[in-house]
Amino acid sequence: MIRHTSKNLHLTVSILVIIPIALAYGVYPQRMLPWLFDFKVDNINMGNIFRGMMGLYLAMSVIWMMGIIKPRLWATATITNIAFMGGLALGRLVSLALDGIPGIYFLIGLALESVLALWGLSNLKKYKTD
């Protein structure tokens, strides 16, 4: 049973953000990535990396969906969401320190990932019953 509460909103927003990104990375990386990020995916290995990322992103979205549908999986979904978004944000912060300021898409990504990780942490603290 799907419960439409603020408890699930961070998972819902994450799903709505991550699925289009996953599809942009993996459905046709040779066309989408040069258009989005101004670099070529010009060999099989690069295509494989981005399609693997698509699979990971979609799999994480399934876990988050299951947490919305099945309340007993909510904490697991929220913890994976925190780890996923927090891990992406942390990697971007390391890159910011080592590589300099990236393009606007990546800065927006850093902001969204940070907000979603912190929102998940807040919800975990607020709603976890164990």
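How large is the helix-only mean residue ellipticity at 222 nm for the chain, computed as the sum of -39500 (n - 2.57) over DSSP H runs with n ≥ 4, divided by its residue count, in deg cm²/dmol to the nearest 500? Mean residue ellipticity at 222 nm (helix-derived): -28500 deg cm²/dmol. Its relative contact order, with pairs defined as Cα atoms under 8 Å and 6+ residues apart, puts segment 48-106 at 20 percent. 3J(HN,Hα) along segment 22-29, derived from phi through the Karplus expression 6.51 cos²θ - 1.76 cosθ + 1.60 where θ = phi - 60°, amounts to 4, 5, 5, 5, x, 5, 8, x Hz, with x in place of Gly and Pro. Counting only alpha carbon atoms, the long axis of helix 74-99 and the longest principal axis of the chain meet at about 30°. For the chain, the longest principal axis of the Cα atoms and the long axis of helix 44-69 meet at an angle of about 10 degrees. Note: relative contact order over the chain, using C-alpha pairs below 8 Å and six or more positions apart, is 27 percent.
Taking 0.36 nm per intervening residue step and subtracting the Cα-Cα distance, what contour gain separates M46 from I108 on full extension?
Contour length minus the Cα-Cα distance gives 20.0 nm.
Ranked for footprinting exposure by Cβ neighbours inside 10 Å, fewest first, L16, L11 give L16, L11. With neighbour counts taken as other beta-carbon atoms within 10 Å, the residues F50, F37 rank, fewest first, as F37, F50. Around the Cα centre of the chain, unit charges on the Cβ atoms of Lys, Arg, Asp and Glu (plus for the first two, minus for the last two) sum to a dipole of about 560 debye.
The numbers here are math on the coordinates, done by the rules we state, and not lab data. Keep in mind that this is a model prediction, so the values were computed, not measured. Positions of Cβ are generated from backbone atoms using ideal geometry, with glycine treated the same way; all protein chains shown enter the neighbour counts.
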